[in-house]
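The values are calculated or read from the model by the stated rules, or taken from the named source; none is laboratory data. What you are looking at is a predicted structure, and each value in this text was computed from that prediction instead of being measured. Cβ placement follows ideal geometry from the backbone for every residue including glycine, while neighbour counts extend to all protein chains displayed. Each accessible area value is taken on the protein alone, full model and side chains, heavy atoms only, with ligands, DNA and RNA left out. Shrake-Rupley method; radii C 1.70, N 1.55, O 1.52, S 1.80 Å.
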Amino acid sequence: MEQPFSSSKVTVEYFDPHDVFKLLAPGLIPRLPLRDLHWQSHNGPVRSIQTLHIELVPAGAVNATVPPSTSPPPKIAISPPLEDGFQAATVGGRSGSTEQAESIGAALRAPGPAGKERRHQIPGLRRTPYLKVLLVRCDDNETYKSTTRAEIREWIKINTPPAQNKPASNAENHDAFEWLIIHVVIPNTVAATQPRIAGSKAPDSSSDATTKTSTSRWRGGSSTLLEKLRNDFNGSSKTAVDRVRQIRIGINDVPYDLLPRVVPAVPTGYHETEQDSENAWADTIGKVKELILSSFDTRVSQYEEDIKERDGQRALPGWNFCTFFILKEGLARGFESVGLVEDALMGYDELSVGLDAIIQEQAIAGSAEAHGGALLAYTEELKNLAQKAISQINRADGEVDEEAVDMQPNEKGGVADFDNIPISPSKKLYRELILANNVSLFDFRCYIFARQISLLLRLGNAWSTREELLAKLKEQQELIPRGVAPSTPMPKHADESENLSQLAEICRRTLEFVPAVSLVARKDIISALGSAKEAEEISNGKQLSLDPVLLEVTENVVASFAFSVAQQILAQTSTKALPIPPSTLAAPDGHEPKAAIPEPKTMMHPARNSSLQSRIAQRPPPSPIGFFPRATDSEMANSSYAKAGLEELAARRAELYSLSRNILEVCGKKRGWSGGWADVPMVGESGVSEMEDISLDDDDSSKKEAPSHSIAIQASMAGLKNELLQTALEKKEDFYRLYEILTDKALRHYTVAEHEHSIQANMADLAVLKFHLKEYSDAAFYFYRAIPFFGESAWSLLELSMLLMYAQCLKELRQMDDYVTKALRQLLVKAAAAERDRVQQKSVFRRGAGTKTQFPEQSAIAGYFTDLLTTSSALEKEVKIPLTSFFCDIELDGPPVHEEGQDSFSVYLKLHSLVVDEFEAQKLSLRISTAPVIGGLKEIWLQSKGPVVIKPGRNKVQLQSTTTMAGSYEVDQIRLSSSKVLLHYEREVGQPPDKAMSVLRNPRVALYQRASSLDVQLLGTKEVRLDKNNSLDLEISAGWNSIKSLEIKIKSATGGLRLLMAETLVLGALQPAKRTEAGSLTFGAIPAETSFKIRFPFTVEHDMLHVAVKAEVSYSTDNGTFSFSKTSSVPITLALGVNVQDVFKHDALFSRFTVSTATASPLRIFRSELLGSALFESHFGSPPSHPIVVFPKQPASLLYKIARKKGVRPVHKKKQTLFLRIYYSVLLDEIEALFEKLLTEELVEAGLGEYAKVIVTKVLAWVAHGGGLSGYDLEKAALLGELPTAFLTDVKWEKQFPGIGPLTADGSGGSAESLAAFVRGWLERHPKLLLPHPDLKDAATVQPSTIVIPVDIPSITIVHTADIRLQEPLDSVTQGNEDDDGEEGGGYPTVCTNQLLPATLHLKWTRMWDTTTIDPSAATAPGGGKKATTPAPLARTQDLEFGYEITAPADTWLLGGRRKGRFIIPAVPDLESDEGMASTPDTEADISLLLIPLREGWLPFPNVEIREVKSSAGANGSGETDGVGGFMLPVRDMDIVRRITRTWGRR
């Protein structure tokens, strides 16, 4: 319980018969106030008292009946020094004469009679000391024995309580006190040379503070004066209290003229150190604390016992609350005196509750005497003030007072002046009035509240309390004699801050006190001047019809008192720790207006100049965007915002300012002045008349009787004693000025408190006030900041009213941009939101639920939307507003509708207008888009055909588009344009619709392509050439359109695809009129049902499976201009793969082409051909009689014989290339064509021909890519020639045609359900599809695809042929074997193991397969130079040496003869002729061999390896060989050949 700078004070009475206080004061005063006291409460924890102030009063100056609050400050009367010239002898020596001793004894006995005076019967009114201190001067033992001891005993007998064994009375306990003897030792005396304890030369001061003397009084020997005092006056019991202390005055602390001249002759060697002196002072101060707390504890105990006893007598007759109040207040004042302010405050709170309980009991019982005693019926001061005011009104009306009123102030205070300080405990002698039962309830409440406020101000360390405290400290410090320096430095009082929480508590209690006491004051005045019936009715809270003059005076007096109380508390709780933002109020010229209204808080207290004002002056001006500038985090950390209770204090003070403003507003209403809210335009629904409260107790007769005081009078100033309130009500301008100031101060305090709702409410008050005063600029400033808050807080009607005023302000200021964008826009949006709520509530009412809510009247908003359109036309920029702000229930009405005979479609958009006015929209458009796919984002705009009239409520608008792009779309934009106002709605494609919103709950739109409309189809070319760039065909079909002009743009829609548009070809008679740019072609007139193809080659940067091309077509017909866009994708992979294997012979080359399918679908090969070249010719065997079916795991082989043309020299390599052409078809393509044909035929028959494309596309998607057909199904279909359609029966066809509606606007055509039914019926009618079996002769009609593959013949330098021939005749085991051709001896010979078989190895060679182009003159160029042509290879211009080797497995053959050898092939003598190109019998070799088979079975001939021998210089002269390896052949002839394999397949 820490109370900084508490002004707690207890009285300590001192007796100074020896005039030594002036010597003791320099050491005592600096050690005051007492600090850190701890008192053990009887009913709670230990109470800590941080500071306790002491009022030092000389004996005889204590007036027990004067309350502490009115007691004068202590003044010590110091007797002047004698003028006999022997003052030093008198002070320093022993008792000089008998007269002096007698005078001292008289001084000790003087307080005796005063102490015996009669005590007051009410303990709470007494003021007695807590401690009595006797200051004794005794210089030696002789003086003590002769006079001092007797004088002390006499003082104790007169001034101290009775003996301890005699119980004290209750009255004595109420005034309980303790006593203390302080022996003051003067330097240069015998006592100064004595130690405190006998026999101790260096005494321990601590023993003096804690241990009583243990020397027996009967023991012999010399003892010190301190020991004698303790032995004589402390008592002998173990519980006796040590009441003797000794303070030694330092020689430097005594004035020179007061210092004794005689020094003791017997030195003891004892010297007092500074530490000893400090310890003595600490012990003395500690003893003072102990004794004060002891007497305080005794008093509290007695008070609590008496209070408990009196409270128990509450039900007895004669019990008086006023007496009980004074008694219990005495306990509270006791707590206050020692610094326990919170306990004192709790006591007054209990008394306040007790007073309320007594008043309530009296009201219930109807008898005041039986329940605590009666209070005065009214307050005399209020009566006199009301009488004076009534007389003033009557004089103003020319009437004469019927009763003379004494207007002169009486002795008790006369007419109450509430303009001064209405709440003060010293305003009256409240305690004497309460004790005499001569107090009214009004005074009683005011006194309790005043005492509570004073205690809270002390707890809050308010400036007023601190200033009083510092004044008291200054008075105590002035008690130090002049010229004597204090032995201890004076304590410095830190400037401690206020406790803001306690100041906030003061404001909170004031807010509760003012309404309650105002009702009491009103009742007092009515009771004093009105009739008894009126007083009874007002006490019961009934509505009265009083005398208008009395009613006016009563209201004025109460308003003035309440206003004064609020202003007083605002002044008392003002603190510089509360950083209030700067005011936003300013005069139009930027200077403060010279008004008669002062600052409200300075009306009774002068404003303190503090650093807060300078800090506020440095703040930046208010931000034009935000509200008040916010401090940064560092500023907040260093500022006083971090103090506890700051926000609460700011909020409570703001409420007091609001209370003052409300009082002012009530007074102003009587004069026809208001804050502007009465003139605010109302937008609530009309038709509800105002209700009037009618009492059920009234009868008809009472209604007929007119009240006697029904005449209204003009508002008067009589009874208004508050000068500020009077000034404000004298003139209208002053009223509005004060109203504005109070509102602004409340606003700024709420800003510090961060009470957002209150901030905005006061902001709205200022805005309405400025609007009422036609200060439109300031009004717009406040409206701009206040309106958003009320919109967010669901104050829709109030927000609309404020928006109407804000719009008028901007219009008056000619700020048209803000008028449209900020005022009208917001007003109409909020009005539309209210209309939306009304529509939704109406739908709820239809379902039988919901509650009635008030909505704005449409007539109040009518015309503003038209004003928006008109005003916006003059603006530079377009005004954009969300469409959902003015419309709801925005939906598409059904699927798209296609128009007959032209390529266009339309949708119907339903929207509910929330705008009150009917207006015309110049254009209403809608955009549908798809998610980004191959070919980019697709979007289509639809718009109305002309201006559209939008009426309040439901509307339906047709939107049309001439752009056709099949696909699934979503609505992502809606735009409505009127004048320069654009209403727009946007959403993301793919975003799930919000079911809670009534906007586009189903935004999906499905567009399909009709069969008769213009179409563009991307196809792969039927002929693929691997030696050239592939091409794509784009087929354009005009459909039913008779086209006047057509422009087509072809773009790549795949990354890495490059279209070679410069090589574009148009197939057919129709040719483009001009080529504007690459990829763009323009055509002239095109008849209906005409189609043509555009072929263009392409290249790709990397391998890819599919390529996509986007075609944009813009064409004109008699019906207008239309657009078509389509992105198509086709596969570019080869459907088949070709692998070739070459076998070289001496005279021919055999090439085997293996054809396999590259997909899971089988192929049909109709025929093939190998086209010859300039150097080679090809031969094929018998062609097949029917197409060959190629399965994925069963490829087809094509064998061709290639021979070199005779007499033809090698030509350029390109002319040597052969081309393999294969005619084929893919089974899956045949199946898709069959589906398309059958479906289209039956759709036309069923009248659904226009849906052919969409249905065929969906069905083929399931056939080709939907996983319906597997590779096994395709192989099975190829073998059986039929395909079952059961794999399509499980498809949910209803979901395959979303958004398909009627074909035309008249509703004809199909729908998603009818199309699904058709597909299911078609599948039932066609359980199996018979696949076509084309013949070779149908290849022309079938139009198979072709692929042309370039075939290059590899160039071989030399081809060797090795032939092992067995010599004839051969003894065979079996005779007459025939070979495969039926010839004898042509079969395989059969011999025995280990049989000798003579044989011959025949070697021959040829250069005919060397197709390298040769320049014969290159080798013999003149001068040895080389020409640019290809030179002759060395293989032809020089001899070549080869070596052969015959090898065989060791377990198979045993070889004999020449197994290794070399032979030479001569160079070509003439490069221009064929001479030397092949071996002749002269250049061929025959080598004899002997073969012996070693095992049974089919044995292959031995291997023959031929290698070229390349000579290289070596150490041993041997050469390194290299050549062509041999091969094993199970025939008689063994050919040494080179096998080359090539493959054409997937690219």
Could you sort K383, K1510 by their accessible area in this structure, using a 1.4 Å probe and putting the largest first? K1510, K383
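Can you give me the convex hull volume of the Cα atoms of region 980-1116, divided per residue and expressed in Å³?
Taking the convex hull of the Cα positions in region 980-1116, it is 207 Å³ per residue.
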Among R1459, R196, what's the order by accessible area (1.4 angstrom probe), most exposed first? R1459, R196
Express in Å², to the nearest 10, the accessible area of D36 obtained by rolling a 1.4 Å probe over the protein heavy atoms while all chains stay in place. 100
At 1.4 Å probe size, put I421, I1353 in order of accessible surface, largest to smallest. I421, I1353
Counted charge near G901, where neighbours are those whose Cβ lies closer than 12 Å (Asp, Glu -1; Lys, Arg +1): -4
Hey, what D do you get for region 798-942 in µm²/s if you plug the Kirkwood alpha-carbon radius into Stokes-Einstein at 37 °C and 0.692 mPa s? 180
What is the mean projected area of the alpha carbon convex hull for region 1131-1219, to one decimal in square nanometres? 7.3
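Could you state the orientation-averaged shadow area of the convex hull built on the Cα atoms of region 1175-1228, in nm² to one decimal?
Convex hull of Cα atoms, orientation-averaged projection: 5.6 nm².
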Carbon/sulfur accessible area of region 1050-1188, % of total, 1.4 Å probe, equals 51
State whether region 1122-1172 is rounded, prolate or oblate according to the following rule on the C-alpha gyration tensor (a ≥ b ≥ c being the square roots of its eigenvalues): a/c under 1.5 gives rounded; otherwise a/b larger than b/c gives prolate, and the remaining case gives oblate. prolate
For V46 the rounded accessible area (nearest 10 Å², probe 1.4 Å, non-protein molecules ignored) is 80
Region 793-845 and region 900-969 have their Cα centres apart by a whole-number Å value of 29
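Take every Cα pair under 8 Å in region 234-336 that's 6+ residues apart, average their separations, divide by the length, and report that relative contact order as a whole percent. Present the calculation step by step, with values, prior to reporting the outcome.
Details: 28 pairs, mean separation 22.0, N = 103.
Relative contact order, region 234-336: 21 percent.
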So what does I390 come to for accessible area, using a 1.4 Å probe and Å² rounded to 10? 40
Filter the cross-link list K428/K523; K1093/K1295; K938/K1253; K238/K308; K1206/K1460 down to pairs whose alpha-carbon distance in this structure exceeds 30 Å. K1093/K1295; K238/K308; K1206/K1460
Of the convex hull drawn through the C-alpha atoms of region 934-986, the volume per residue in Å³ is 128
Return the loop-located trypsin sites (Lys or Arg not before Pro) in region 1132-1236 (DSSP other than H, G, I, E, B) with at most 14 other Cβ atoms within 10 Å of their own Cβ; answer none if there are none. K1193, K1205, K1206
